[in-house]
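The values are calculated or read from the model by the stated rules, or taken from the named source; none is laboratory data. Since we're looking at a predicted model, the values are computed, not measured. With ideal geometry, Cβ positions are generated from the backbone for all residues, glycine too; neighbour counts draw on all protein chains shown.
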Amino acid sequence: MRTEWHVREEHLAEYASGGCDPVVEASTEAHLMRCDHCRAALGQHLDRSETERRWRRLADVVDQPSRTSTERWGRRRTGSATGLGVVRSAFGTPSLLWAGAVAVLVAAALPVVAASVHQTRGLVLLLALAPLVPMAAVSVAYRHASDPVGEIVLSTPAAGLRLVAMRAVAVGAAAVPAGLLSGWLAGLAPSVTVAWLLPGVALASLVMASGTTRLDPVTVAVVLGLLWAVAVGAPASLHAAAAARLVDLVSAPGTQLAALAVGGAAVLATVARRDAVAYRRAA
Amino acid sequence: MTTTALTASVAADGLVKSFGATRAVDDLSLTLPRGVVGLLGPNGAGKTTLLRMLATVLAPDEGSLQLLGRHPSRPSERLEIRRRLGYLPQTPALYPGFTAFDLVDYVAVLKEHTDAAWRRDECRRVLEAAGLSDVMHRKIRALSGGMRQRVALACALIGSPELLVLDEPATGLDPDQRLRLRSVLSRTAANATVVLSTHNTAEVAALCQRVYVMLRGRICFEGSPADLAAVARDRVWEDDREDDRAIRSWQTAEGRFRHLGEPPAHAEIVVPTMDDGYLLVAREGAS
């Protein structure tokens, strides 16, 4: 568009350097919007490198990866590249976020249900199902399909036990305190409230260890979960006396120590065979 | 292992990979130099399994494998390979809730690029190379199949990898996008080895310096695209009728019959294409 007058050179120079009077600046800006000649003239007053730097800064702001609020929260707690990757995958995608939310919900609900159902059978329900929560978290963490880029993640330097373990912790971390707090609030005996924890750790560690073999961790989790739930739940569903004995048995220090030993051994085996997670033999 | 194998980007010797009773890769040996290498073969020939081993996603059951002069079976060397590797799987499952830029940035993080400013520049570079500058801030769910494929390609290009493993990269791309892909891969191959699998012989003819035909887990042909076409030299003829002597026959768009095999006397021999060569190699390899 043509106009009859043009901005004076000294005003263009002031405008380009950012030292313009506000009134002149507004007038110049309005004129530049419709005058090709003055826009071209302005280019001569601009430092090319400075212009590029400003555009670059603008592009950096625009191209900043978007983050959800949960992701931002999680990101503050990690510094390393792998940690950032875990945060982006665990807090940025619904698959792992949902898994975490479900884990928290189940772990928190079970003690409440246990307290509201007939006393002993309710406790058996808690001891039969609560240990499955950490185990499920580990099996979800192993599934590369849960990753935002699927199989691509397996060819990156970050792939391996550390990534799987961090995701499992990200999914299961909130569930354990939620379960313990819920049990305490529901008024369960402290010995029963914590009794599911070590069996849960043992089962989760076994699933973690299965990932270092050709076995599918999800299949292992389903089989182990069924075995545990049936072994604890079935006898108790038949006889009330058996239910009481089972609660005592699972809460007993001997059982807890055995679970700790199984969990510890499985963790040691996983660490010893960690390379199998990073370089898989199974499809 | 020979001196050539030691200097090659990929050197495999006696590779075996089984899934249950099925041998997906069976005593396979090859050496791949720099440049674009094409892998042809029917479905189930073992191409994807081989590429997954080259991408360090799967470990071979038997045999020796060297990538970029390193052994992926050794953890520290595998880490070094992965830092210099790009991989596009056959069916890249990309999370639809991320934008293209976020997804590429995420892969850059997994590739241990910790400098945020460098990562942003690199993301822009690979997205531009993949022709996605205009849609980089759109969610994956809003992109077409071809665009998603190019996002996955952009992920593979991060950090200018020296070994690029691409499983059917042209799937879902229109002719324009295929042309762009060729240009991107040709540029990348100047300083890298690009291994791609495809069913499209025209793609191989346009891109690849070397072509390998895989059948039942083994390499049954190795040479240039011209060598593959030459396999069918004097073994392709056209006729107005079907011919029982041919080992493969089909009707062309012009309504004539094209035959492969040992031609009869006075047959109208025609110039063979890569398709003819591939079909003969696949047929003879299967029998």
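Is there a residue being of a type in the set (A, V, I, L, M) and closer than 20 Å to B:Thr91 by Cα anywhere in the stretch B:116-125?
No.
With respect to B:Ala190, is the statement that it is hydrophobic (A, V, I, L, M, F, W, C) and within 10 Å of another protein chain (Cβ to nearest Cβ) true?
It is false that B:Ala190 is hydrophobic (A, V, I, L, M, F, W, C) and within 10 Å of another protein chain (Cβ to nearest Cβ).
Does B:Ala8 satisfy the condition of being surrounded by 23 or more Cβ atoms within 10 Å (Cβ to Cβ) and either modelled with pLDDT under 95 or small (Gly, Ala, Ser) (or both)?
No; evaluated as a whole, the condition is false for this residue.
Please find, within the stretch A:169-208, the residue that is farthest from the chain's Cα centre (by Cα) out of those that are closer than 21 Å to A:Trp228 by Cα, surrounded by fewer than 24 Cβ atoms within 10 Å (Cβ to Cβ) and among the aliphatic types (A, V, I, L, M).
Ranking the qualifying residues of the stretch A:169-208, first place goes to A:Val192.
Listed residues B:Pro42, B:Pro92; which is surrounded by fewer than 24 Cβ atoms within 10 Å (Cβ to Cβ), part of a loop (DSSP other than H, G, I, E, B) and more than 9 Å from chain A (Cβ to nearest Cβ)?
It is B:Pro42.
Just wondering, is there one or more residues in the stretch B:164-180 that are within 15 Å of the chain's Cα centre (by Cα) and within 11 Å of B:Arg34 (Cα to Cα)?
yes
Out of all the residues in the stretch A:110-122, is one or more at pLDDT 90 or above and within 23 Å of the chain's Cα centre (by Cα)?
Checking the stretch A:110-122: at least one residue is at pLDDT 90 or above and within 23 Å of the chain's Cα centre (by Cα).
Could you name every one of the helices (runs of 4 or more DSSP H) located completely within the stretch B:161-278 that has at least 1 residues being surrounded by fewer than 21 Cβ atoms within 10 Å (Cβ to Cβ) and modelled with pLDDT under 90? Spell out the reasoning first.
Working: elements: B:175-188, B:201-207, B:225-230.
Helices (runs of 4 or more DSSP H) meeting the threshold: B:175-188, B:201-207.
Kindly indicate the residue of the stretch B:100-110 that is in contact with a helix residue (DSSP H, G or I) (Cβ under 7 Å, 6 or more places away or on another chain) and within 8 Å of chain A (Cβ to nearest Cβ) and also nearest to A:Arg274 (Cα to Cα) among those meeting that condition.
By that ranking, first place goes to B:Leu110.
Has the stretch B:143-159 got at least one residue that is within 13 Å of chain A (Cβ to nearest Cβ), surrounded by fewer than 22 Cβ atoms within 10 Å (Cβ to Cβ) and of a type in the set (Lys, Arg)?
Yes, because at least one residue in the stretch B:143-159 is within 13 Å of chain A (Cβ to nearest Cβ), surrounded by fewer than 22 Cβ atoms within 10 Å (Cβ to Cβ) and of a type in the set (Lys, Arg).
Under the condition of being crowded, with 21+ Cβ neighbours inside 10 Å and assigned to a helix (DSSP H, G or I), which residue from the stretch B:123-140 is nearest to the other protein chains (Cβ to nearest Cβ)?
B:Cys123
Considering only the stretch B:48-61, I want to know if a residue exists there that is in contact with a Phe, Trp or Tyr (Cβ under 7 Å, 6 or more places away or on another chain), more than 26 Å from B:Ala206 (Cα to Cα) and surrounded by fewer than 22 Cβ atoms within 10 Å (Cβ to Cβ).
yes
Tally up the residues in the stretch A:252-280 that are β-branched (Val, Ile, Thr) and out of contact with any Leu (no Cβ under 8 Å at 6 or more places or on another chain), please.
The initial filter retains those residues of the stretch A:252-280 that are β-branched (Val, Ile, Thr), namely A:255, A:262, A:267, A:270-271, A:277.
When the remaining residues are screened for being out of contact with any Leu (no Cβ under 8 Å at 6 or more places or on another chain), the result is A:267.
Summing the residues that are β-branched (Val, Ile, Thr) and out of contact with any Leu (no Cβ under 8 Å at 6 or more places or on another chain) in the stretch A:252-280 gives 1.
Every residue, every condition in (1) at pLDDT 60 or above; (2) touching a helix residue (DSSP H, G or I) at 6+ places or on another chain (Cβ under 6 Å); (3) more than 30 Å from A:Arg162 (Cβ to Cβ), yes or no:
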| residue | (1), (2), (3) |
| --- | --- |
| A:Arg8 | yes, no, yes |
| A:Pro22 | yes, no, yes |
| A:Ala40 | yes, no, yes |
| A:Arg48 | yes, no, yes |
| A:Leu58 | yes, no, yes |
| A:Arg67 | no, no, no |
| A:Trp73 | no, no, no |
| A:Ala81 | no, yes, no |
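Being within 7 Å of chain A (Cβ to nearest Cβ), in a helix (DSSP H, G or I) and buried (at least 16 other Cβ atoms within 10 Å of the Cβ) is the filter; apply it to the stretch B:66-82 and report the residue that is nearest to the chain's Cα centre (by Cα).
Applying the filter and picking the extreme gives B:Arg82.
Name the residue, out of A:Leu154, A:Leu161, A:Leu188, A:Leu132, that is in contact (Cβ under 8 Å) with a residue 40 or more places away in the chain and under 11 Å from A:Pro111 (Cα atoms).
One residue alone meets the criteria, A:Leu188.
For the structure I just gave you, tell me whether B:Leu153 is assigned to a helix (DSSP H, G or I), under 21 Å from B:Met53 (Cα atoms) and touching a residue at least 40 places away in the same chain (Cβ under 8 Å).
Spelling it out, B:Leu153 is indeed assigned to a helix (DSSP H, G or I), under 21 Å from B:Met53 (Cα atoms) and touching a residue at least 40 places away in the same chain (Cβ under 8 Å).
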